[in-house]
Amino acid sequence: MGKRLVVICAAVALVVALIALYISSWVTVVPPSVDAASVGPGGSGGAQLTLQTVAAVGPRLSSSRPHWVSYLVYRNGKWERSTNFTLPANSLVRVTVYNYDGESGLRNPYFSQPQGTTGGTEVVDGKTVRALDSPDYASHTFAIPGLGIFVPIPGVKDDAKNPCDTAPCALSNAHRTVTFSFRTGGKGRFRWQCFVPCAAGTITGFGGAMQTIGYMDGFVKVV
Amino acid sequence: MSEPNHARRLGAIWLVATLIATPLVIFVLGPVLPPGNGSEQASGHVTDNTVLMAVMTPVLLLLIVYFVYALVAFRQEPGGILEGPAIRGNARVQIAWIVVTSAIVLSLAAYGTARLLEDGAGSGGGSSPVVVPAGPKLQVQVIGQQWAFTYRYPSYGGVETPHLVLPVGQMVELHVTSLDVVHSFWAYQLGVKADANPGQDNIAFVKPTELESFSVRCSELCGLWHGYMFDHGNVVSAADFKSWIAQQRVKFAPSQKLLPPYSTTYIPEPARRAG
């Protein structure tokens, strides 16, 4: 009787431990945080964050979800799939986004206007703009609501030559280049997200990649 | 030794406790009950919570007094009998119980209904609210989307802003809607809570009475960043509101050109949207 009780208790403890291990690994497995590159001596010129958006992340960067739309970040000479970024506090952060994805359109045209950026503008393919010409031209947004930053990213036209559907994409492929800058405040952790319903095939376009950290949203840690 | 009249003793203890505790609940605890006095509706909620607490106090005390009394008076001494004689039915107690509890529940239901019919009590009343407060109202639209609330002011060119700012002492007519899934607009300190349903216009009324900052959060689980769908709004003076809204019209002029005409609901064109 005593031996049987010990075996049952051990089996139950093992099952509980396995369940806890599975849940903890599921909860804690997130892409690593990528530091923005320092600009100037000792980072005196702020930081630079270089991003890319692609229609499909591809099997090399996501074996389980190769067809999902995703942001990528440039680090150490290569593109990585991470959406967690570390930025310096009280600094100017310059962001460059190379977008290879097409136009999806904003559900709320209000987000057509960049907010929270230096001068309230963004630079699209070398041209400074205060808003997209049409909300339908939006492909994605880079938005950190907690910092008041909303930046629309226009998409590649349907008839563009040499498009790139799956990462990794090169600058020789059709793309849009968006640059902007903003100043960080004090330390904190903020979520960022895309406001374009770009997760095709999911409910309201906001499922899948839009609800999974590591694709179309993540965290910005200001340190 | 003859058995004392437990019912009479219990009743006396309960009555004394009730006479002491109920005024304390009403006059000491009541004024600090949530959600505060940020608006007429919020103050109404404080009154409602006070009424509920005042009604609840005698009931709760009856249970506590009986429990403690039973522990003390009916404690079995060592070597005593294990079970007392069974009691089967007591028509007087049963009738009293049914009558009193029914009276409490029905009177609270009547009170709640009356309060709702007074001014909507800060809740969403659908597109045709049963009660519409008299007098001029400032119309403000609350737009829920994954994952942020934005606000349109149709009286000011339909400008859309990322934060909610309201003038003090002005009745506000909130039109709450959503562009995607179900959200719920909850301005806690203002005592307003209304569901934001796609394609639906849900109207709630609120009259801010204090210059203060208030929190806005979504109270309907709406996806990954539901917990981050949080912001602060402000109640400001009428003059400050005029100044603020004028600034917003300038600041958001570029996006305002792109907004659809003001409407109580929006059905975003699905052809160019995913999903």
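Numbers below:
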read-out	value
Gained length - B:Q200 relative to B:S243, 0.36 nm times residue gap less alpha-carbon distance	12.4 nm
Structure-based [θ]222 nm, chain A - -39500 (n - 2.57) summed over DSSP H runs of at least 4, per residue, nearest 500	-4500 deg cm²/dmol
Residue mean of other protein chain beta carbons inside 10 Å, A:200-206	6
Tensor-based shape of chain B (alpha-carbon gyration tensor, a/c under 1.5 rounded, otherwise prolate or oblate)	prolate
Isolated Cys residues of the protein assembly as shown, judged by Cβ distance under 4.7 Å to other cysteines	A:C9, A:C194, A:C198, B:C218, B:C222
Nearest-20 debye value, the protein assembly as shown charge dipole, Cβ charges on Lys, Arg, Asp, Glu	960
Rounded Å value of the spacing that divides the Cα centres of the range B:95-122 and the range B:12-29	21
Peptide B:249-257 - average C-beta neighbours from other chains (10 Å radius)	5
Sites excluded, trypsin sites (Lys or Arg not before Pro) in DSSP loops with at most 12 other C-beta within 10 Å, longest stretch of chain B	B:89-256
Alpha-carbon centroid distance for the pair the range B:141-172 / the range B:187-259, whole angstrom	5
Most fluctuating residue given options A:A143, A:A36, A:A13, as computed from a GNM of chain A linking Cα atoms under 10 Å	A:A13
Shielding by partners, peptide A:109-122 (average Cβ within 10 angstrom, other chains)	4
Cα→Cβ-extended label distance, 7 Å offset, between B:L62 and B:V182, nm	3.6
Prolate/oblate/rounded call for chain A, Cα gyration tensor, a/c under 1.5 rounded	prolate
FRET efficiency estimate (nearest 0.05) - Cβ-Cβ, B:E83 to B:H232, R0 45 angstrom	0.15
Extreme residue, positive dipole direction of the range A:93-197, given options A:I144, A:A170, A:S112 (C-beta unit charges)	A:I144
Cα lying deepest toward the dipole's positive end in the protein assembly as shown, options B:L10, B:V68, B:G126, charges on Cβ	B:V68
Among A:R81, A:R94, A:R65, residue whose mean-square fluctuation peaks in a GNM of chain A (springs only between Cα atoms under 10 Å)	A:R65
Ranked B:M53, B:M229, criterion: other C-beta atoms within 10 Å, fewest first	B:M53, B:M229
Rounded tilt (10° steps) of A:2-28 against the dominant C-alpha axis of chain A	0
Neighbourhood net charge (12 Å Cβ-Cβ; Lys/Arg +1, Asp/Glu -1) for B:H232	-1
Fraction of antiparallel bridges per DSSP, the protein assembly as shown only, in percent to nearest 5	70
Highest-MSF residue in chain B out of B:I245, B:I87, B:I20 [GNM, Cα springs under 10 Å]	B:I87
Ranking of A:H67, B:H6, A:H140, B:H183 by count of other Cβ atoms within 10 Å, fewest first	B:H6, A:H67, A:H140, B:H183
Pairs of Lys in the protein assembly as shown closer than 19 Å at Cα, counting only those 8 or more apart or on different chains	8
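No value in this document is a laboratory result; all are computed from the given coordinates. Just so it is clear, the structure is predicted and the values come from calculations on it, not from any experiment. Cβ coordinates were reconstructed from backbone atoms using ideal geometry, including for glycine residues, and neighbour counts include every protein chain displayed.
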